[in-house]
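The values are calculated or read from the model by the stated rules, or taken from the named source; none is laboratory data. Quantities reported herein were computed from a predicted structural model and do not represent experimental measurements. Methodologically, a virtual Cβ is constructed for each residue, glycine included, from the backbone with ideal geometry; neighbour enumeration extends over all protein chains shown. With ligands, DNA and RNA removed, areas are computed over all heavy atoms of the protein, side chains included. Shrake-Rupley method; radii C 1.70, N 1.55, O 1.52, S 1.80 Å.
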Amino acid sequence: MRSAAKALLLAAAMAAVLLAGCRKSETPEAAADTEAAKQARARPPFGLIDTPKENEAIASGGEGTGWALDDSGIAKVEAGLDDGPRRPAKIGQPFPGVKEAYPTYPDSDKAGFTFTMPSVASGPHLLVVTITGKDGGKTDLRRHVQIR
């Protein structure tokens with residue numbers, strides 16, 4: 001029984017050495033490409049809330065705007081106040097300057113979005129805009145607003 005266990009351990013050790021050798025035989029370029037691919041997949045969506053501005057007073061039910069990009073494309077944008085429900089924004093709108101600044105991103109010519117501020121009590125609130133990429137990546141943009 002002991003010799004069978006030793007043989008099993010020896011086989012496992014040899015397999016580990018072979019696997020480690022395979023990893024070491026990668027060219028530096030292949031390893032760099034793999035790391036670059038990992039970083040590209042990890043890049044989250046990004047964008048900005050254009051209106052309302054930070055601490056700006058806006059009417060309940062007023063309109064907000066911004067733009068969003070992701071290397072996989074934008075699946076959806078949602079907006080809400082505080083911890084309340086998020087409502088879908090209208091995406092695919094033109095937004096000046098985005099295409100020129102990010103020409104290689106999908107749909108950079110129509111990166112704009114618009115949303116309606118929810119009807120809530122007047123006072124200070126936190127606007128949260130969630131951008132979701134087609135690859136599932138998400139980013140929250142936050143802005144303090146005053147609802148009047």
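A few remarks follow.
- Contacts under 6 angstrom Cβ, first residue in region 78-89 being at positive phi, partner assigned to a strand (DSSP E or B) and of a type in the set (A, V, I, L, M, F, W, C), 6 or more apart: D82/L126
- Count - residues of region 42-64 that are under 27 Å from G123 (Cα atoms) and either among the hydrophobic types (A, V, I, L, M, F, W, C) or open to solvent by 30 Å² or more (accessible area, probe 1.4 Å) (or both): 14
- Hits in region 100-130 - residues which are in contact (Cβ under 8 Å) with a residue 12 or more places away in the chain, hydroxyl-bearing (S, T, Y) and exposed (fewer than 14 other Cβ atoms within 10 Å of the Cβ): S119, S122
- Residue match in region 22-37 (condition: open to solvent by 50 Å² or more (accessible area, probe 1.4 Å) and modelled with pLDDT of 90 or more): no
- Only listed residue being open to solvent by less than 80 Å² (accessible area, probe 1.4 Å), without any contact (Cβ under 8 Å) to a residue 24 or more places away in the chain and in contact with an Asp or Glu (Cβ under 8 Å, 6 or more places away or on another chain), chosen from G92, G97, G73: G92
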